[in-house]
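Nothing in this text is a laboratory measurement; each read-out follows from the coordinates by a stated rule. Note that this is a predicted model, so its numbers are computed, not measured.
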Amino acid sequence: MADNKIFDKKLANEFGKDYVKIMVAVLKGNKPYPKVASGSLINSINYKLQDTAQGINVVLVANDYLKYVDQGRRP
């Protein structure tokens, strides 16, 4: 039977690497207010691949406060 998955592991791995590069560039590049204080968040950004029945998922892994840096928070 032919493999009908849209992504293979090599392509998913390339996508994960590119996505991490984009996330780091976005955090560093929001001028005049870049979102970099200690560099801890940027150093924590990575990805992992998960095999599922539907194919391969690329999961972003980072410090849990990434969502607050990205979306802000309520007072």
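For residue 52 and residue 18 in one chain, what is 0.36 nm times their gap in residues minus the Cα-Cα distance, to one decimal in nm?
So the extension gain works out to 10.1 nm.
Please work out how much length the chain gains when fully extended from residue 9 to residue 25, using 0.36 nm per residue of separation minus the C-alpha to C-alpha distance, in nm with one decimal.
3.3 nm
How much length, in nm to one decimal, is gained on full extension between residue 43 and residue 68, taken as 0.36 nm per residue of separation minus their Cα-Cα distance?
7.4 nm
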